[in-house]
Amino acid sequence: MNELVKFRIDRALECLEEASLLADKKHYNTCVNRLYYACFYAVNALLASKDLSSTKHAGVRALFNQHYVKTEIISRELAIVYNDLFELRQESDYQDFFVVEKDTALEFIAPANHFVKQIASYLGYDESC
């Protein structure tokens, strides 16, 4: 596996762990941030596997949707997790007085884990790489 792809998948998995720890401590805004970044790093691993990249989050989303969702390599249902987390993270990081509720944060943990693991599997990631 390409070193950059592996690094990004490892980083995604690390963010998932961080999100769980933050949820346990009731830091739901930051939990959502880490869930988003877990998905973001996984998507960047996908893009790196095709020598694609963008310096902007919106560009990463656009490339992901163009090369993986529209081509049905990644299902639209799975892609919704990433897109929804992008929107939620934008609100929680940049809007004053916006608070992510416990239920909202917790409902994204399993889907974000599934999203990252599906991408890791697609890329042939295995912990012994």
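The values are calculated or read from the model by the stated rules, or taken from the named source; none is laboratory data. Only a predicted model underlies this, so the values are computations on that prediction, with no experimental measurement involved. Positions of Cβ are generated from backbone atoms using ideal geometry, with glycine treated the same way; all protein chains shown enter the neighbour counts. Side chains are part of the model used for accessible areas, which takes the heavy atoms of the whole protein and leaves out ligands, DNA and RNA. Shrake-Rupley method; radii C 1.70, N 1.55, O 1.52, S 1.80 Å.
Structure summary
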item	result
Pick from the range 77-129, criterion more than 10 Å from the chain's Cα centre (by Cα) and among the aromatic types (Phe, Trp, Tyr), ranking: nearest to Ser20 (Cα to Cα)	Phe108
The lone exception for Ile73 - which of (1) under 21 Å from Glu18 (Cα atoms); (2) over 15 Å from the mean Cα position of the chain (by Cα) it fails	(1)
Residue that is within 23 Å of Glu3 (Cα to Cα) and either among the aliphatic types (A, V, I, L, M) or outside any helix (DSSP H, G or I) (or both), where the choices are Leu85, Leu46	Leu46
Residue within the range 39-53 that is within 15 Å of the chain's Cα centre (by Cα), small (Gly, Ala, Ser) and closer than 28 Å to Phe97 by Cα present	no
Every residue from the range 99-123 that is open to solvent by 40 Å² or more (accessible area, probe 1.4 Å) and in contact (Cβ under 8 Å) with a residue 60 or more places away in the chain	Val99, Glu101, Lys102, Thr104, Leu106, Tyr122
Selection status of Asp51, farther than 14 Å from Ala112 by Cβ, acidic (Asp, Glu) and assigned to a helix (DSSP H, G or I)	no
Long-range neighbours under 7 Å by Cβ, at least six apart or interchain, first residue farther than 21 Å from Ile119 by Cβ and in contact (Cβ under 8 Å) with a residue 60 or more places away in the chain within the range 13-34, second in a helix (DSSP H, G or I) and among the aliphatic types (A, V, I, L, M)	Ala23/Ala105; Ala23/Leu106; Ala23/Ile109; Tyr28/Ala105
Scan of the range 1-57 for residues that are open to solvent by 10 Å² or more (accessible area, probe 1.4 Å), of a type outside the set (Gly, Ala, Ser) and farther than 21 Å from Leu88 by Cβ, ordered by number	Met1, Asn2, Glu3, Leu4, Lys6, Phe7, Arg8, Asp10, Lys50, Asp51, Leu52, Thr55
Test: residue in the range 66-85 that is acidic (Asp, Glu), surrounded by 14 or more Cβ atoms within 10 Å (Cβ to Cβ) and either touching a Ser or Thr at 6+ places or on another chain (Cβ under 8 Å) or modelled with pLDDT of 95 or more (or both)	yes
Members of the range 89-98 that are in contact with a helix residue (DSSP H, G or I) (Cβ under 8 Å, 6 or more places away or on another chain) and either open to solvent by 20 Å² or more (accessible area, probe 1.4 Å) or not in a helix (DSSP H, G or I) (or both)	Asp93, Phe98
